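What follows is a set of notes on a single structure, which appears directly below.
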């Protein structure tokens, strides 16, 4: 404020404006960075996620993933969930998920499951918050849907950077 009235030539006014802009951008960046610790992913009636990869900051201690089913079909016909495991464990998990059956198509207490949302139908959403600090950025992770057959199309890379 003092700089605005100090120099009528405008030099200090420009410095103040520049400084204020930097402060504003810093605060916006901090808000944006905080949002990096949550992700929203959509699924639909065409057996698709709207993202083929999720990138999350290694500085996040925990992560909240919200799955939104933007389709119309009910869970028993076009149910979706979001499951995270190592890429190595994805295929074995899809097999035991089929055996687990409806409604969740997910085995209980399987240590290979890092995180999983509930199985949902059209118009529904489900969220999961999990500890990200225990994951290793040098390991390959994959997210996928365990509804029968969906994993072939509904999967993506989960990248910690």
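Pick out the one residue from 110, 118 that is out of contact with any strand residue (DSSP E or B) (no Cβ under 8 Å at 6 or more places or on another chain), at negative phi, surrounded by 15 or more Cβ atoms within 10 Å (Cβ to Cβ) and modelled with pLDDT of 95 or more. Spell out how you get there, then give the answer.
Details: 118 fails: out of contact with any strand residue (DSSP E or B) (no Cβ under 8 Å at 6 or more places or on another chain).
On inspection, the qualifying residue turns out to be 110.
Taking residue 95 as meeting all but one of (1) without any contact (Cβ under 8 Å) to a residue 60 or more places away in the chain; (2) out of contact with any strand residue (DSSP E or B) (no Cβ under 7 Å at 6 or more places or on another chain); (3) part of a loop (DSSP other than H, G, I, E, B), write down the number of the exception.
(3)
When the range 141-161 is examined, which residues are found to be in contact with a strand residue (DSSP E or B) (Cβ under 9 Å, 6 or more places away or on another chain), more than 17 Å from residue 42 (Cβ to Cβ) and part of a loop (DSSP other than H, G, I, E, B)?
If the condition is that a residue be in contact with a strand residue (DSSP E or B) (Cβ under 9 Å, 6 or more places away or on another chain), more than 17 Å from residue 42 (Cβ to Cβ) and part of a loop (DSSP other than H, G, I, E, B), then 146, 161 are the ones that fit.
In the range 109-140, what count of residues is obtained for those that are in a strand (DSSP E or B) and either without any contact (Cβ under 8 Å) to a residue 60 or more places away in the chain or closer than 25 Å to residue 45 by Cβ (or both)?
Selection size over the range 109-140: 7.
Output the residue which, of all residues in the range 69-92 that are surrounded by fewer than 18 Cβ atoms within 10 Å (Cβ to Cβ) and in contact with a strand residue (DSSP E or B) (Cβ under 7 Å, 6 or more places away or on another chain), is nearest to residue 122 (Cα to Cα).
Result: 70.
The values are calculated or read from the model by the stated rules, or taken from the named source; none is laboratory data. Note that the coordinates shown come from a computational prediction; the quantities given were computed from them, not determined experimentally. All Cβ positions, glycine included, derive from the backbone under ideal geometry; neighbour counts span all protein chains shown.
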